[in-house]
Amino acid sequence: MCSTVAEPTTVQAAGPVSPPVEARSCAVPLSRRVSAPRLLSVPRHPDVTVWRAATESDIGAIWELRQAMGEADHPNYRTARESIEADFALPGFEPERDSMIGFDSTGRAVAAGMVIFPSRHQTLVRSLPIGGVHPDFRGRGIGRALFNWQVGRARQQLASSSRDLPGWILAFADERAPQDARLFERGGLRLARHFLSMERTLSDPIESPPAPRRVRIVPYVTSMSDAVHRARDEVFIDHWGSQPMTDQRWRALVGSRRFAGELSFVALAQGCGGGECVVGFVLSSTDPSIWPTQGFSSSRVDQIGVRAAWRGRGIAHSLLATQLRMSQARGFDRVTLTTDGGSEARPLTLHSSAGFRTTGSKKAFVLAL
């Protein structure tokens, strides 16, 4: 097994970070390091009449299942149907091998799982089990049956790689869903990281930090997409568990109906090969469908980052303040975000100094192979 323990995807990357993921060889490729079952049997459970691979025609049923799970586990955010559609469209995703859905005797979808195998590997190879069980059917062992299948498929995915990089099975559990954390630990994964949910009330004053020298903060426009994508990949490569984002995943992010281009901003600077280049960004979204359950209107900071050579100049503070002021002008009650809290769940100074407070957390569990 590779001895390197690298650092899933951080959402904020704007200043000094945890020790970077090392792009080092593990000497032995994953295909020789990882033990994986040759064949996988479908899960079995007396309360599930049919288990089978999912198809695109099941996306609606999976989305409805995820809505029920979200209402029980994290009512302040929900999975968008288009996010599930984007998963099915990912390069290399094979629904017949990488998904499983279970139905009860009435034909109702009661459990569904996917195992995502991102295709861009620079310092780390990841397999990501996602999904779960309808709240009405929990506590019966269905989740264990499904997750055991997912771990087996994740092992197969990692064992298919010839890369001599660290390999992870990586899963996330909201703190309000302790059953997920127990399930992951029983499956051999270990708690590795905390990601903090934070909120900023917009009725409070918003400070305007000094403008960074030689930097312009401008609204995001579609023509910047490729440049911001490249900057994002560069910014996040030294963050825990992060890898370059595929073109499809990037387009799903900035092309989503939730994406708020009017609340997204880019920092441009001179001195990049003779012209201006992207040195920082803040990307935002809005989702009015969750406002009734969370109790307030809001925008969300999805990603904020500054290129390493430009950190320490106040660019991140300016980007965040610009987003806050624009959200305030549009009449939102709060701005929310998720940030890497490290191994001890501590927020970054950037967010605390901007008036954000921690409201919850999500835990990352890893099986390193």
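The values are calculated or read from the model by the stated rules, or taken from the named source; none is laboratory data. Not measured: the values here are computed from a predicted model. Quick reminder, even Gly has a Cβ in these numbers, built from the backbone with ideal geometry, and neighbours come from all protein chains shown. To get the accessible areas, we keep the full protein, side chains included, count just its heavy atoms, and leave off ligands, DNA and RNA. Shrake-Rupley method; radii C 1.70, N 1.55, O 1.52, S 1.80 Å.
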For the stretch 203-216, 3J(HN,Hα) per residue [Karplus equation, 6.51 cos²θ - 1.76 cosθ + 1.60, θ = phi - 60°, Hz, x = Gly/Pro]: 6, 7, x, 10, 6, 9, x, x, 5, x, 5, 6, 10, 10
Exposure of Glu64 as accessible area (Å², to 10), given a probe of 1.4 Å and all protein chains: 120
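Kirkwood hydrodynamic radius, computed over distinct alpha-carbon pairs, for the stretch 308-369: how many Å, to one decimal? Before the final figure, lay out each step's value.
Working: mean 1/r = 0.0721 Å⁻¹.
It is 13.9 Å.
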Between the stretch 98-139 and the stretch 243-258, the Cα center-to-center distance that results, in Å: 20
Placed amide H near Arg193: partners under 5 Å, 5+ positions off or other chain: Ala364
Residue-by-residue Karplus 3J(HN,Hα) for the stretch 44-49, coefficients 6.51, -1.76, 1.60, Hz, glycine and proline x: 9, 7, x, 8, 10, 6
Amide H within-cut-off set for Ile116, under 5 Å, with H built and near neighbours excluded: Leu128, Ile130
Among Ala308, Ser298, Gly331 - extreme Cα towards positive end, dipole of the stretch 283-359, charges at beta-carbon: Ala308
Residue among Ala80, Pro46, Gly60 farthest towards the positive dipole end of the stretch 37-80, charges placed on Cβ: Pro46
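Considering Cα pairs under 8 angstrom that are at least six residues apart, work out the relative contact order of the stretch 247-307 and quote it in whole percent. Don't skip to the answer; put the middle values down first.
Numbers: 84 pairs, mean separation 17.3, N = 61.
The value is 28 percent.
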Rel. contact order, % - alpha carbon contacts under 8 angstrom, at least six apart, the stretch 136-283: 18
Gln303 long-range amide H proximity, modeled H, under 5 Å: Leu283
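Under 1.5 on a/c is rounded, so check that first for the stretch 195-328, then, if it is not, pick prolate when a/b is larger than b/c and oblate when it is not; a ≥ b ≥ c are the square roots of the alpha carbon gyration tensor eigenvalues. Could you put the intermediate results ahead of the total?
Numbers: a/c = 1.76, a/b = 1.27, b/c = 1.39.
Here the stretch 195-328 falls in the oblate category.
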Normalised alpha carbon radius of gyration of the stretch 76-119 [divisor 2.2 N^0.38 Å]: 1.32
Whole-Hz couplings from phi, Karplus 6.51/-1.76/1.60, listed for the stretch 121-126; x for Gly and Pro: 10, 10, 10, 7, 10, 10
Centroid-to-centroid separation of the stretch 295-351 and the stretch 51-85 [C-alpha atoms, Å]: 27
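Using +1 on the beta carbon of Lys and Arg, -1 on that of Asp and Glu, and nothing else charged, what's the dipole of the chain about the Cα centre, debye to 20? Write down the numbers at each step before the final one.
Values: 45 positive and 36 negative charges, 139 e Å.
In total the dipole reaches around 660 debye.
Suppose every Lys and Arg Cβ carries +1 and every Asp and Glu Cβ carries -1, with no other charges. What dipole size does the stretch 142-227 come out with about its Cα centre, to the nearest 20 debye? Present the calculation step by step, with values, prior to reporting the outcome.
On the way: 13 positive and 9 negative charges, 69 e Å.
I would put it at about 340 debye.
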Principal axis box of the chain, alpha-carbon based, largest edge first, Å: 63, 51, 37
The stretch 261-369 - percent of accessible surface contributed by carbon and sulfur, probe 1.4 Å: 49
Shape category assigned to the stretch 54-206 from the gyration tensor of Cα positions, a/c cut at 1.5: rounded
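Of all accessible surface on the stretch 29-82 at a 1.4 Å probe, what whole percent is carbon and sulfur? Please list the in-between numbers first.
On the way: 1520 of 3130 Å².
Accessible surface attributable to carbon and sulfur in the stretch 29-82 totals 49 percent.
Where only protein heavy atoms count, and the probe is 1.4 Å, what is the accessible area per residue for the chain in Å²? Working shown, then result.
Working: 16350 Å² over 369 residues.
Per-residue value: 44 Å².
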Rounded if a/c under 1.5, otherwise prolate or oblate - the stretch 141-275, Cα gyration tensor axes: prolate
Sulfur and carbon atoms: percent of accessible area, the stretch 98-243 [1.4 Å]: 48
Solvent-accessible surface (1.4 angstrom probe) belonging to Asp226, in square angstrom, nearest 10: 100
Rounded D (µm²/s) - the stretch 250-312, Kirkwood Rh over Cα pairs, Stokes-Einstein at 20 °C, 1.002 mPa s: 159
